[in-house]
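What follows draws every value from the coordinates through simple rules; no lab data is involved. It should be emphasised that the depicted structure is a prediction, and the values quoted were computed from it without experimental measurement. Counting neighbours? That spans all protein chains shown, and the Cβs are built from the backbone with ideal geometry, glycine included.
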Amino acid sequence: MRSRNPVFSRRGFSRDNGYAGFNAAPQAGGPAVATQANPYAQGAQGNPYAQPPAGNPYAQNPYAQPDQQFGAPPQAPATTGRMTMDDVVIRTASTLGVLVVTAALAWALLPVDDANINRSYGIGIGAALIGMVLALVQSFKRKPTPALILSYAAFEGVFLGVVSSVVDNRIADGAAMQAVIGTMAVFAGVLIAYKAGWIRVNRRFYGFVMAAALGFVFLMMVNLLFAVFGGGDGLGFRSGALGVVFGIVGIILGACFLALDFKQVEDGLAYGAPREEAWFAAFGLTLTLVWIYLEFLRLIAILNSND
């Protein structure tokens with residue numbers, strides 16, 4: 001159950017990759033179930049951390065702690081080589097840090113005044129295309145490549161820096177900061193709702209979000225084609241009152257993707273995914289946050305252009 005779209009793909013911990021899926025979950029109060037799709041569950045064949053067979057008094061681990069040998073709940077196995085929350089946080093911070101630095105450099109070094117806007121905007125669009133290609137390449141790879149992910153962040157940062165500067169300096173003063181605050185608010189809100197159990201991410205939720213997102217992207221592509229070949233605002237999905245509605249829908253979809261990202265990270269931690277998979281989490285979270293930021297920026301631009 002995964003999409004090959006670079007924006008929607010969450011391949012790092014999908015059931016196809018053998019770590020976790022929306023239907024797979026650890027048993028309550030006990031270790032993860034050993035299945036063929038979960039090579040890291042306790043008791044799985046070939047798992048060096050598996051517990052000894054039940055009922056075999058001679059299969060005791062000589063290195064086990066005393067409380068393990070006399071019926072107390074076993075201590076958690078060693079996590080060497082497994083993904084931790086610290087790994088996810090560090091790699092996500094690194095990816096977002098590269099994006100923010102290149103965005104700041106683009107803002108400072110690529111002016112958007114009347115004499116330079118065409119050159120700066122051209123560089124920004126070129127960076128966006130390169131970033132899209134890098135994201136596609138990473139999306140089709142089964143293992144994360146840190147160099148690809150960080151390169152994507154760098155080029156995407158250039159694009160965001162130019163676009164943010166255009167909107168902030170030529171359309172709505174302070175728009176970039178407003179979009180940043182909005183993105184942070186959505187992230188915090190979804191995280192709180194997810195941890196509180198108000199958002200239940202299951203197969204039905206996944207299917208609904210994917211269907212809505214594909215429909216949204218299809219409409220945006222049609223609108224872009226009409227704008228390119230017909231001129232003006234195309235079908236009007238990105239301007240006026242209809243543009244505001246689609247901007248809000250885009251932000252809501254981004255929030256749903258954040259919930260999917262949190263679920264994938266949670267499953268990866270629960271099933272002991274390899275440490276390198278933290279880069280997939282960083283990649284997915286960065287894609288989603290960029291999506292939300294751009295929707296906020298576009299919505300602010302539309303609202304100010306209508307004033």
inquiry  = Tell me the Rg and the Dmax, in Å, that the Cα atoms of region 230-279 produce.
reply    = 18.1, 52
Amide proton proximity set for Leu110, modelled H, under 5 Å, gap of 5+ = none
ask   = Straight-line reach from Lys263: which lysines have a Cα under 16 Å away, not including same-chain ones fewer than 8 places off?
value = Lys195
query = Mind listing which trypsin sites (Lys or Arg not before Pro) in region 125-222 are in a DSSP loop and have 12 or fewer other Cβ atoms within 10 Å?
reply = Lys141, Arg142, Arg200
ask   = So, in nm, how far is label Arg142 from label Leu129 when the simple model puts each one 7 Å beyond its Cα toward the Cβ?
value = 3.3 nm
key: Neighbour cut-off at most 11 other Cβ (10 Å), DSSP loop, trypsin sites (Lys or Arg not before Pro), region 227-307   = none
note = Taking 0.36 nm per residue of separation between Ala108 and Val222 and subtracting their Cα-Cα distance, the length gained on full extension comes to 37.6 nm
note = The answer for chymotrypsin sites (Phe, Trp or Tyr not before Pro) in region 160-258 that fall in a DSSP coil and have at most 14 neighbouring Cβ atoms within 10 Å is Trp198
query = Given H placed 1.01 Å from N in the peptide plane, which residues other than close sequence neighbours of Arg82 have an amide H under 5 Å from its amide H?
reply = Arg275
Spin-label model distance (nm) - Asn116 vs Ile248, 7 Å beyond Cα toward Cβ = 3.9 nm
Using θ = phi - 60° and Karplus 6.51 cos²θ - 1.76 cosθ + 1.60, couplings along region 81-89 (whole Hz; Gly, Pro as x) = x, 9, 5, 10, 5, 4, 4, 4, 5
